[in-house]
1. Would you mind checking which residues have amide H under 5 Å from residue 133's amide H? H placed 1.01 Å from N; only 5 or more apart, or other chain.
2. What is the chain by shape, rounded, prolate or oblate, if you read a ≥ b ≥ c off the alpha carbon gyration tensor as root eigenvalues and call it rounded for a/c under 1.5, prolate for a/b larger than b/c, and oblate otherwise?
3. Taking 0.36 nm per residue of sequence separation and subtracting the Cα-Cα distance, how much length would be gained by fully extending the chain between residue 206 and residue 106, in nm to one decimal?
4. Quote to one decimal, in nm, the extra length available between residue 194 and residue 245 on full extension: 0.36 nm per residue of separation minus the C-alpha distance between them.
5. 5 Å is the cut-off here: which amide hydrogens, built 1.01 Å from N in the peptide plane, fall below it relative to residue 239, excluding neighbours closer than 5 in sequence?
6. Nearest 0.05, what FRET efficiency do residue 164 and residue 135 give at R0 = 30 Å with Cβ-Cβ as r?
7. Would you please give the FRET efficiency between residue 237 and residue 216, computed as 1/(1 + (r/R0)^6) with r the Cβ-Cβ distance and R0 = 25 Å, to the nearest 0.05?
8. Please get the size of the charge dipole for the chain, origin at its Cα centre, with Cβ charges of +1 on Lys and Arg and -1 on Asp and Glu, quoted in debye to the nearest 20.
Amino acid sequence: MESKKEKTVEEEEVPVSPIGQYFNSSVLSVCILGVLESDIPIDDSPTLTLLKNLFLPINPRFSSIMVTDDKGVKRWKKVDVKLQDHVNVPVFPDGLSLESYDEYTQDYLSKIAMDPLSQNRPLWELHLIKYPTSNAAGTIVFKLHHALGDGFSLMGALFSCLQRTDEPSLPLTFPSSRPESRLVSDNKNIFKVMPRMFSTVFNSALDFGWSLIKGYLVEDDQTSIRSGDIGVEFWPITISTVTFSLHQIKQIKAKLGVVRLPEHGLQ
């Protein structure tokens, strides 16, 4: 009986990774904002049901809080989620122009980006902005703590909640940057795969080494983006959005000499 109880505790409380502890400490708290724009007005009536049936089962961290045990080790503890506490629907003035709602939306994003998440409930929030902007009829904002995962994994989690409009039973897909036939033939040709693999390993090692050097020995130059002022991380922030076409991104890639584009975010 005692061993069964210990096994249950171990299943419910999993140690937090070092990266997760780093992103959620007394001196640092990092969150990710995932913004989804809708072509149709947002109906919030099925929100709680969708969160319970689609969102929470994706990752056990979405229904867990971070606790510290007797030995000082941080662990994920499974809890009952009160979904209504995680859903926020802001109220803006009615009858404004699209440009005005653009400003209200950006100001709202800036505000929630700086607000700390409660440590007494799972580290995520959902914000439903039911006002039209220049780009959408409504905006859905997920605020997810970085301790839950990195940007790519959280983006994949959000995409897994979506369905195709033409065929909801099929998984969501995105256009590939290369024809499928070419991808298959490349994978079968070891002489093409191996150089690409070595290039990836070499660039990863180079980036890691350069990051260590910049972290301990070299300081970034002061620019219009990086002021170098002390305490700048505590200044108020403003979130702005800009849209680039794929052609413009390729131009930026060529100008900066980037090896490859982040395909997970583009495809």
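Here, each number is a calculation from the coordinates, and none is a lab measurement. All values derive from a computational prediction rather than experimental measurement. Here the Cβ positions follow ideal geometry from the backbone for every residue, glycine too, while neighbour counts run over all protein chains shown.
1. Those lying under 5 Å, H to H, from residue 133 are 138.
2. On the way: a/c = 1.25, a/b = 1.09, b/c = 1.14.
Taking the square roots of the gyration eigenvalues as a ≥ b ≥ c, the chain is rounded.
3. On the way: separation 100, 0.36 × 100 = 36.00 nm, distance 3.66 nm.
Gain in length upon complete extension: 32.3 nm.
4. 15.2 nm
5. It is 110, by chain and number.
6. 0.90
7. With R0 = 25 Å, the Cβ-Cβ based efficiency is 0.40.
8. Details: 27 positive and 33 negative charges, 217 e Å.
For the chain, the charge dipole is close to 1040 debye.
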